[in-house]
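Scroll down for the structure; my scribbles are underneath it.
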RNA sequence: GCCAGUUUAGCUCAGUGGUAGAGCAACGGUUUUGUAAACCGUCGGUCCUCGGUUCGAAUCCGAGAACUGGCUCCA
């Protein structure tokens with residue numbers, strides 16, 4: 001069964017490859033049923049790199065079972081069954097689900113197709129209901145499919161994972177079997193070669209090999225990267241680029257602490273809604289408050305224990321009864337008294353509230369706007385342990401953050417300038433494939449998921465949409481995914497091996513400045529609330545560098561390379577070493593990250609080491625170079641470029657760095 | 001957080017109940033060099049942690065931690 005949320009129109013647009021993969025999912029289901037007839041299937045769509053089918057089965061399928069499943073699949077394919085479409089009534093479909101026939105090879109009395117029943121309920125009343133039959137296997141499915149199982153070319157099962165039925169964590173967990181399929185064996189092989197290349201470029205692997213960062217889970221903690229000197233070199237180059245770019249774009253810089261009082265996040269509205277994603281607070285108590293706190297906690301505990309069941313259950317009786325109200329009131333009072341004790345500080349999960357307080361620090365006039373406040377702020381988010389992923393998902397992050405406070409009249413120009421900054425960065429880093437996901441609100445979420453300002457939502461969304469349309473930027477619009485205070489744009493990029501990253505977010509905020517009481521005095525001498533644009537074109541250092549490592553496969557351009565130049569001597573005679581050392585000193589005097597290798601290794605060995613360390617430029621100096629006041633240049637990945645006059649080489653290196661040549 | 005898998009030297013990995021191994025790296029020495037690895041030697045271990053089974057555990061069992069692949073979430 002395909003993903004039910006897709007419309008029939010979407011289905012008709014399935015590509016040939018998607019049809020083939022979805023058909024392969026049916027074949028896999030039939031094969032699994034031959035081995036385990038009691039298996040219950042949920043959904044089995046084609047996905048980006050293949051297909052999966054969610055199955056409920058007492059037997060835990062492991063990769064060791066794959067050969068047996070694949071063997072059964074090959075039989076299904078060899079049998080060359082026709083994909084036969086059968087249109088049925090909803091009543092018939094329900095009947096066949098109850099008999100266990102759907103997603104089965106035959107009727108299975110006492111084992112109804114429970115997930116198929118659930119899927120049926122999701123199909124809108126007006127849509128036709130169809131089965132697809134291959135051999136004995138019948139599945140609820142809207143199609144489309146390839147004509148015959150024999151049309152499925154080359155396939156392979158890849159992994160098994162767990163997934164919730166219909167993606168809801170309240171639903172039962174199913175085993176998700178992933179596979180991939182292509183028209184030809186050659187395409188399948190190419191896909192696995194691509195995966196191998198992706199593994200080779202994995203930023204976690206390269207990050208460790210190149211000594212860029214380490215995650216010391218025992219002493220520092222999971223998700224808290226330690227930047228090693230070589231990674232820090234990259235990080236600081238990026239920061240320099242951002243600071244220059246922002247300076248030229250009229251930004252001013254700010255610097256704010258890593259922590260703030262609870263009041264900050266109560267005002268911003270992040271607490272309590274965001275509390276789960278924040279590190280728990282640091283609580284500062286005065287001497288006498290400690291005993292007061294223990295006392296209040298004991299009272300609260302006693303109150304909960306005294307309740308029937310002793311586990312904090314409210315007293316029996318109807319909701320809203322006097323007993324209920326009294327109990328709730330007592331709990332509320334004690335909780336409030338506890339809250340009033342001492343001061344709680346939170347590690348900041350975002351910089352915006354701090355910047356809002358900077359805006360509020362002095363009276364603002366319309367003449368001061370737009371105010372573009374930038375900061376490389378370090379934020380902390382308590383991401384769930386299973387979500388941590390190398391540098392891509394961490395708990396401490398350095399954000400390329402800025403907030404632009406402006407009037408509605410200035411908005412379009414400011415927002416457009418932000419987008420242009422994104423495009424400028426994409427050019428510098430050679431990012432060719434990107435997509436801006438413009439997320440708007442959903443009317444039904446107003447007042448809950450989104451601040452209840454229907455007109456402001458429409459107004460700001462129109463402004464954003466106009467800017468995107470007029471700028472010719474590549475974007476899509478998705479409803480009901482906005483931030484709670486305004487529409488947002490997620491910037492997605494694809495690395496050269498096709499891995500997708502959400503690099504940065506760009507948000508419009510028309511609500512929080514109001515909560516902080518931010519105002520400027522306008523021409524007409526009235527106070528008005530500014531709009532705020534949150535933007536972070538380079539996202540966080542962590543994720544951006546993770547992306548860059550994979551994008552460049554660790555082969556950074558000269559300006560970013562942790563070790564830009566290494567001077568290698570042929571031999572260790574004093575005149576040669578002196579010449580090499582003077583060259584290193586000269587480069588370092590121009591702030592080039594240059595090192596020297598004057599050891600007694602063979603020159604081939606030194607080159608091997610420098611190449612493996614991905615040093616960008618290797619300058620080989622031997623007796624011949626010394627005599628000619630030259631150096632022999634070798635560039636990582638490009639091989640030897642021959643001997644050149646020393647002064648020209650140095651000037652060339654400095655120019656390439658200054659211009660940030662790719 | 002949930003499901004599954006993994007965890008042996010700094011790194012990559014071998015070792016299925018009986019004395020813990022290899023290559024690379026590191027360190028010491030020999031070699032004196034022209035564009036991807038000269039040679040010899042030395043050092044290096046809480047086999048993730050805790051508990052259990054056993055005469056005996058890297059190996060079998062249980063709990064925990066971290067990581068990996070997914071789910072949910074997200075910059």
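The numbers here are math on the coordinates, done by the rules we state, and not lab data. Quantities reported herein were computed from a predicted structural model and do not represent experimental measurements. Reconstructed Cβ throughout: ideal geometry from the backbone, glycine too, with neighbour counts over all protein chains shown.
Classify the stretch A:1-148 as rounded, prolate or oblate, taking a ≥ b ≥ c as the square roots of the eigenvalues of its Cα gyration tensor: rounded when a/c is under 1.5, otherwise prolate if a/b is larger than b/c and oblate if not. Mind showing how you got there, number by number?
Working: a/c = 1.56, a/b = 1.14, b/c = 1.37.
Note, shape of the stretch A:1-148 comes out oblate.
Which order do peptides A:117-124, A:19-26, A:508-515 fall in by mean Cβ count within 10 Å, highest first?
Result, highest mean Cβ count within 10 Å first: A:19-26, A:508-515, A:117-124.
With r as the distance between the Cβ atoms of residue A:528 and residue A:247 and R0 = 30 Å, compute the FRET efficiency 1/(1 + (r/R0)^6) and round to 0.05.
Computed FRET efficiency for residue A:247 and residue A:528: 0.60.
Packing-wise, with mean Cβ within 10 Å as the measure, how do A:532-540, A:151-159, A:443-451 rank, highest first?
Going by the mean number of other Cβ atoms within 10 Å, highest first, we get A:532-540, A:151-159, A:443-451.
Report the residues of the stretch A:442-481 in range of a label on residue A:416: point 7 Å along Cα→C-beta, backbone N strictly under 14 Å from it.
Inside the label zone: A:463-473.
From the P(r) of chain A, could you give the percentage of C-alpha pairs in the tail past 47 Å?
37
Take A:415, A:556 and order them by how many other Cβ atoms sit within 10 Å, fewest up front.
Fewest-to-most ranking of A:415, A:556: A:556, A:415.
Rounded to the nearest 500 deg cm²/dmol, what is the calculated helix-only ellipticity per residue at 222 nm for chain A, with -39500 (n - 2.57) per DSSP H run of length n ≥ 4?
Calculated mean residue ellipticity at 222 nm is -12500 deg cm²/dmol.
Please give the peptides A:204-210, A:82-88 ranked by average Cβ packing (other Cβ atoms within 10 Å per residue), highest first, as a rough proxy for protection.
Order by mean packing, descending: A:204-210, A:82-88.
With every atom except the alpha carbons ignored, what do you get for Rg and Dmax of the stretch A:390-439, in angstroms?
14.1, 42
Express in whole angstrom the spacing between the alpha-carbon centres of the stretch A:212-280 and the stretch A:17-75.
Measuring centre to centre over Cα atoms gives 44 Å.
Once the piece of chain linking residue A:424 and residue A:302 is laid out straight, how much longer is it, given 0.36 nm per residue of separation minus the C-alpha distance between them?
37.7 nm
Given contacts defined as C-alpha pairs under 8 Å and at least six residues apart, what's the relative contact order of chain A, whole-number percent? Mind showing how you got there, number by number?
On the way: 1166 pairs, mean separation 63.9, N = 662.
RCO, chain A: 10 percent.
Just rank A:478, A:394, A:418, fewest to most, by other beta-carbon atoms within 10 angstrom.
Going from least to most buried by this count: A:478, A:418, A:394.
Is the stretch A:389-521 rounded, prolate or oblate when judged by the Cα gyration tensor, a ≥ b ≥ c being the square roots of its eigenvalues, rounded requiring a/c under 1.5 and prolate requiring a/b larger than b/c?
prolate
For A:56, A:524, which order do you get if you count the other beta carbons within 10 Å of each Cβ and list the fewest first?
Placing the least packed residue first, the sequence is A:524, A:56.
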